[in-house]
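Participant: Have a look at this one before I ask anything.
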Amino acid sequence: MASSFSYAQPAHRAADTAVLPRVSPNVPDDAQMIRTAAQMTRDLNAPDARIYWADLLASAAIGYGALAGAIMIEALLPALVCAAVAVLALYRAGSFIHELTHLRPDAVPGFNAGWNALIGIPMLVPSFMYEGVHSLHHARTRYGTDKDPEYLPLALMKPWTVPLFVAVSALAPVGLLVRYGVIGPLSAIVPALRRIVVERYSGLVINPAFRRAMPEGAARRRWLVLETAASVWAITLIVLVATGVVPLRTFLIGMGVASAVMVLNQVRTLVAHLWENEGEVMSVTAQYLDSVNVPPPALLPALWAPVGLRYHALHHLLPGLPYHALGEAHRRLSAALAEPSAYHQASYPGGLPGLLARLVRSTRSQRASVKA
């Protein structure tokens with residue numbers, strides 16, 4: 001069924017074309033798309049615990065095994081190969097933090113605790129840094145506004161902001177080590193510092209204006225358990241390196257791999273959305289069109305956008321759908337929704353290079369318009 005309105009953009013917007021018209025925040029909702037998406041995926045909503053656990057355990061085992069190889073192998077090329085494998089596998093394992101924010105506590109028994117033990121604490125990104133934050137990004141009236149912790153109008157900013165956005169992430173492992181090994185413990189005895197730590201340094205966010213609320217009740221108790229565990233690990237690591245128990249070379253390789261994981265995630269973040277909204281409240285369809293799917297037949301997105309992140313626009317349409325169901329949901333909706341449905345307009349066959357080029361061109365066009 002044809003829609004009764006136009007999006008003023010070509011279907012299947014190719015990421016390697018010239019800068020395209022921006023998505024209007026007030027674009028009318030494609031009611032047929034929203035209704036069809038809900039109806040055709042009802043049987044896909046249940047997470048499969050076997051898939052979650054098998055994927056996480058395999059990714060963690062490969063990641064840490066490859067990291068051990070990178071540390072122990074002295075030959076440069078094999079060590080670099082091991083490091084690359086470690087980055088991709090640990091990045092995949094770490095990406096499950098996104099799933100944790102959408103899973104009901106009892107949906108996959110023990111998975112939250114297991115992820116924190118395997119990845120969250122060792123990598124110094126306990127799940128509370130995303131839980132209670134990411135949900136705000138999905139709030140209907142927050143997405144794309146200054147109250148969204150995970151949104152900046154990057155496409156409308158100056159060109160230097162894109163490389164800076166990526167470069168800063170390379171220092172994240174050092175920042176996390178300081179946050180949990182030094183500042184966090186100090187904040188336990190300095191109330192004023194504690195508020196700053198919670199508000200500004202306890203969330204995986206990209207909006208520098210965002211301030212996190214102090215946790216309360218059960219969330220506070222769980223937060224303290226995870227934060228204490230992360231601080232104990234950070235302090236232990238600092239002491240072991242300072243005393244020579246952990247060789248400096250080993251420490252630097254581990255930090256290098258962690259830094260590469262953060263950079264890869266930051267690059268992926270650059271192409272998760274179009275980043276074109278200037279703070280207005282957006283319709284559901286506008287939010288969908290401002291997000292990105294990179295579906296098959298492209299293969300590389302499975303590496304740089306793992307655990308369902310290659311279907312990011314679809315995820316914003318159906319945030320409760322488990323990651324392993326997104327591929328099937330996409331196939332169903334692609335077949336059921338004929339153009340000019342908005343559904344097809346969020347797919348970008350150009351992949352990562354084309355999407356990055358599109359973002360850079362957009363920032364340059366903004367600079368040119370300012371000069372004019």
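Participant: Is there a residue in the stretch 262-279 that is closer than 30 Å to Pro78 by Cβ, among the β-branched types (Val, Ile, Thr), modelled with pLDDT of 95 or more and open to solvent by 10 Å² or more (accessible area, probe 1.4 Å)?
Facilitator: The answer is yes, given that some residue of the stretch 262-279 is closer than 30 Å to Pro78 by Cβ, among the β-branched types (Val, Ile, Thr), modelled with pLDDT of 95 or more and open to solvent by 10 Å² or more (accessible area, probe 1.4 Å).
Participant: Can I ask one more? Of all the helices (runs of 4 or more DSSP H) wholly in the stretch 164-241, which have at least 3 residues that are under 22 Å from the mean Cα position of the chain (by Cα), surrounded by 13 or more Cβ atoms within 10 Å (Cβ to Cβ) and modelled with pLDDT of 95 or more?
Facilitator: Because the criterion is at least 3 residues that are under 22 Å from the mean Cα position of the chain (by Cα), surrounded by 13 or more Cβ atoms within 10 Å (Cβ to Cβ) and modelled with pLDDT of 95 or more, the helices (runs of 4 or more DSSP H) in the stretch 164-241 that meet it are 172-178, 191-200.
Participant: Another one. Where in the stretch 48-152 are there helices (runs of 4 or more DSSP H), lying wholly inside it, with at least 3 residues that are free of Cβ contacts under 8 Å to residues at least 40 places away in the same chain and more than 17 Å from Val205 (Cβ to Cβ)?
Facilitator: 49-72, 76-94
Participant: Is at least one residue of the stretch 274-292 out of contact with any Gly (no Cβ under 7 Å at 6 or more places or on another chain), over 21 Å from Leu154 (Cβ atoms) and of a type in the set (A, V, I, L, M)?
Facilitator: Yes.
Participant: Answer yes or no: is there a residue in the stretch 300-312 that is over 19 Å from Ser169 (Cβ atoms), modelled with pLDDT under 95 and either of a type in the set (Val, Ile, Thr) or open to solvent by 40 Å² or more (accessible area, probe 1.4 Å) (or both).
Facilitator: Within the stretch 300-312, one or more residues are over 19 Å from Ser169 (Cβ atoms), modelled with pLDDT under 95 and either of a type in the set (Val, Ile, Thr) or open to solvent by 40 Å² or more (accessible area, probe 1.4 Å) (or both).
Participant: Being surrounded by 15 or more Cβ atoms within 10 Å (Cβ to Cβ) and part of a helix (DSSP H, G or I) is the filter here; which residues of the stretch 242-254 pass it?
Facilitator: Once the filter is applied, which keeps residues that are surrounded by 15 or more Cβ atoms within 10 Å (Cβ to Cβ) and part of a helix (DSSP H, G or I), the stretch 242-254 yields Thr250, Phe251, Ile253, Gly254.
The values are calculated or read from the model by the stated rules, or taken from the named source; none is laboratory data. Keep in mind that what you see is a predicted model, and the values were worked out from it rather than measured. We place every Cβ from the backbone using ideal geometry, glycine too, and count neighbours over all the protein chains shown. Quick note on the areas: whole protein, heavy atoms, side chains included, nothing else; ligands and nucleic acids left out. Shrake-Rupley method; radii C 1.70, N 1.55, O 1.52, S 1.80 Å.
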